[in-house]
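Here's the structure, in structure tokens; my notes come after.
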Amino acid sequence: MTSSLTEATTREILQAAQHVIASGTLQTTEFQSLTVTLRSLRTDLAYAADLPTLADRRSLCVSLFCALRQLTVALLTSDFPRHLDSTDGLNHLALSITLQCLCNLFSLAATNEFSLTAEQVEPLIAAILQNESTQLWILCLDDELPLWRLRLATYSFTLLSHIVRLPYVSVCSAAFFWLTARCMKRIVVATPASTAAAAASDMLKLLQLWYDHCLSVVAGLNLSARLSDSIRELTDLSASLGMMLLLQSEQDSLEKFASPPMKKLAASCLVAHILPAVDSHNSTALKGLISHCVSVLNTCTHETPFCLLKKESDSEPLAPEIRLNFSDRVPALRGCIFVLAEVLSGDSSIHAESDFTVGTSQAPPSSFSSTFTDLLDTHFLEGILSALSDCLVVIDSLLRASLSMLADQNQRRKEPSLMDVMGMFDFSDPASICYAPGLKQDLLRGLLSLVHTHPTLICHFARAKTSRLVINDVRTTGDNPLPESDAFLALLNCTQRDPASPLAVEWAILLLRLLLNPLQSLLNVPPDSRKAISDATSLLSGRLAQLEPCPGQASLKEQLKMRYNLSLS
């Protein structure tokens, strides 16, 4: 059998690259000749170990790599992408098969058949890995996903996954983590471009291959043991975790890919990449992480995609608001809520959920110290509480708006509940964040941990400002603005069962019990603070007593007593 691992093949590929550079594309006959050569090369590289031993095979492989690299760079830095977007014929095969040949070459290099130097790989890195616009195009993150585009996306990501594993390649792991998370989202929410069974089957196979490479990348990421203080890197980390958690809403699609549960995958990434860098002995890293999360929450709830207007001006924010790309905001918001809930709770139960091997072999800490928040001053803790409380108000306001529109449409006597009709999170609709699986219970868990360890925060919670949420395309009955609310009213609404956050009721009741009957938490509190906490508790109890129940129902105070055995002081 004649092998294509020859200098003639190298010369033909180089010649094609020069034509692309000169004219921006290739003629049909040139494409046809090139694709025949590339197909043969792809096969030979895949089975190179079975070919007769060639004395100069190593040098030939390096020459072929340089030629394929030059062709890839030429195709991606010319008018070729624009030309591809306007055609649905043979032309895309040149790039698709070139990418596959490069993947096979990297696989061959991994078996020590030959080696590649940093200088040889660098042009390919610059053309793909360091070019954001090329990434968006070649990975189809902003475009439709017909079969031919899916081939390019799958093989280009496979190629990228080979490149980032090279020991001499300097890659921002957090940025590639975020790129991988966006690819996972793209795969999971993708719909076949054709209804034909054969095309749909081919697409599913490619999507599965792409998804498997994403999981492999996540498992192989090796982030620095020192948590970066870069806003961009922290945002990439939190947004990646948030994207995974938001993908829980696509359970049917995830099952097609035999995916591990997204909650467990996010928990494993948190354990591997974040928790080892922050603990009770590293207050600087801890405060930096929490400050970043609070800044993200404040930006998302007070700027866009939401705007929470308060009647009274707040004190100075805990940290300056940060600039976030609009597309990053909802995933970053979800991820930061998750990080805060885990860090503040100090609960080692997260490690029990982390059965998906991710990151280095370094053993994660068993749990945080239960008193690590003593390292944080009162103003800092109040800022965390305010940020989480504002998020709770946003989520509750969105849910109430949804229920209000449902009641207006159905005009039923019985008030609609979340258990009757529950929406689904939609990546294209920021307001649907209120339906994100597990979001509400993470918010409540973080609030509960703060109040439990620092009862004096009850005073700050009781003084929460009345707010009104403003968001485009979200209106209640009669096109009136969303109703005013505050953290306490939002918390009371959390006692209604929510299928998206099944544990939210339990966390809400525990937090209410702590706010209204904090006696056990006051044993180590100074007498002066006890008086302030007692006054705050009385204020909340009085507010609860004044709330009017729905017609025909017991008072809210009586309902809490009957349903949850919660007695007010």
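The values are calculated or read from the model by the stated rules, or taken from the named source; none is laboratory data. Because the structure is a prediction, the values reported are computed rather than measured. For neighbour counting, all protein chains shown are included, and Cβ atoms are generated from backbone atoms with ideal geometry for every residue, glycine included.
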Some residue of the range 177-184 being farther than 18 Å from Asp328 by Cα and either touching a strand residue (DSSP E or B) at 6+ places or on another chain (Cβ under 9 Å) or among the aromatic types (Phe, Trp, Tyr) (or both): no
Within the range 319-355, tally of residues that are surrounded by fewer than 22 Cβ atoms within 10 Å (Cβ to Cβ) and either at pLDDT 90 or above or on the phi > 0 side of the Ramachandran plot (or both): 1
Criterion: under 21 Å from Pro81 (Cα atoms), part of a helix (DSSP H, G or I) and more than 40 Å from the chain's Cα centre (by Cα) - qualifying residue of Leu14, Leu38: Leu14
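For residues that are surrounded by 19 or more Cβ atoms within 10 Å (Cβ to Cβ) and either of a type in the set (S, T, N, Q) or in contact with a His (Cβ under 8 Å, 6 or more places away or on another chain) (or both), tally how many sit in the range 229-247.
Selection size over the range 229-247: 5.
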Odd one out for Ala258, checked against (1) assigned to a helix (DSSP H, G or I); (2) surrounded by fewer than 21 Cβ atoms within 10 Å (Cβ to Cβ): (1)
Selected residue (criterion: surrounded by the fewest Cβ atoms within 10 Å (Cβ to Cβ)) from residues of the range 100-121 that are under 11 Å from Cys61 (Cβ atoms) and of a type in the set (Gly, Ala, Ser): Ser115
Odd one out for Leu145, checked against (1) under 17 Å from His213 (Cβ atoms); (2) of a type outside the set (Val, Ile, Thr); (3) not in a loop (DSSP other than H, G, I, E, B): (3)
Residues of the range 118-151 classified as out of contact with any helix residue (DSSP H, G or I) (no Cβ under 9 Å at 6 or more places or on another chain) and free of Cβ contacts under 8 Å to residues at least 40 places away in the same chain, total: 6
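Per-residue answers, yes or no, for (1) under 13 Å from Thr6 (Cα atoms); (2) assigned by TED's automatic domain parsing to the domain that holds Ile13; (3) among the hydrophobic types (A, V, I, L, M, F, W, C); (4) modelled with pLDDT of 90 or more:
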{"site": "Asp44", "(1), (2), (3), (4)": "yes, yes, no, no"}
{"site": "Asp56", "(1), (2), (3), (4)": "yes, yes, no, no"}
{"site": "Leu64", "(1), (2), (3), (4)": "yes, yes, yes, yes"}
{"site": "Leu90", "(1), (2), (3), (4)": "no, yes, yes, no"}
{"site": "Cys101", "(1), (2), (3), (4)": "no, yes, yes, yes"}
